[in-house]
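*Asks:* The structure's right below; bear with me while I get my questions together.
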Amino acid sequence: MLGFAPQAQRDFLFWAEGALTIDTETPGDLPRIRALLEKYSDLPADFADASLVALCERLRVTTVATVDSDFTVYRMRDRRGFRNLFFET
């Protein structure tokens, strides 16, 4: 997405330092990630997709920003779907 433009990467990291939180609880999500990979085995679901779904479930977040159109199919444990900021009309 940022290509190899060094300034764009530095600008992104400057923004990210103030806007993003790095989650460190992922090891506890591994059983749920495995279950999600099994549930969505008919899709090109991968570890990153399942990790994001598990993280959203744990944090009770339903809004994501991803270019992955499979997030129109993925559901959280309580069957809620996701609002994807990149695919809003």
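*Asks:* Which FRET efficiency value, to the nearest 0.05, do you get for L13 and D42 by plugging their Cβ-Cβ distance into 1/(1 + (r/R0)^6) with R0 = 30 Å? Intermediate results must be reported in sequence, preceding the final value.
*Replies:* On the way: r = 37 Å, r/R0 = 1.22.
After rounding, the FRET efficiency stands at 0.25.
*Asks:* Here's a follow-up. Could you tell me which trypsin sites (Lys or Arg not before Pro) in the stretch 1-64 are loop residues by DSSP with no more than 10 other beta carbons within 10 angstrom of their beta carbon?
*Replies:* Numbers: sites: R10, R32, R34, K39, R58, R60; in loops: R60.
Those satisfying the criteria are R60.
*Asks:* I've got another one for you. Please give the calculated 222 nm ellipticity per residue for the chain, where each DSSP H segment of at least 4 residues contributes -39500 (n - 2.57) and the sum is spread over every residue; nearest 500 deg cm²/dmol?
*Replies:* Numbers: 3 runs with 41 residues, N = 89.
One gets -15000 deg cm²/dmol as the mean residue ellipticity at 222 nm.
*Asks:* If you compute Kirkwood radius over Cα pairs in Å for the structure shown, which of (1) 14.5; (2) 15.8; (3) 13.6 do you land on?
*Replies:* Given (1) 14.5; (2) 15.8; (3) 13.6, the calculated one carries the label (1).
*Asks:* For the stretch 34-89, which GluC sites (Glu not before Pro) are in a loop by DSSP, counting at most 12 other Cβ atoms within 10 Å? Walk me through the intermediate numbers first.
*Replies:* On the way: sites: E38, E57, E88; in loops: E88.
Listed in order of number, the matching sites are E88.
*Asks:* Let me ask another. What is the set of long-range amide H partners of N84 at a cut-off below 5 Å, with H atoms built 1.01 Å from backbone N?
*Replies:* Long-range HN contacts for N84: V64.
*Asks:* Follow-up question, since we're still on this one. Please list, by residue number, every one of the chymotrypsin sites (Phe, Trp or Tyr not before Pro) in the chain that is coil in DSSP and has at most 12 other beta-carbon atoms within 10 Å.
*Replies:* Those that pass, being in a loop and sparsely packed, are F4.
Each value in this text was obtained by applying a stated rule to the coordinates, not by laboratory testing. Just so we're clear, the structure is a prediction, and the values are computed from it rather than from any experiment. Positions of Cβ are generated from backbone atoms using ideal geometry, with glycine treated the same way; all protein chains shown enter the neighbour counts.
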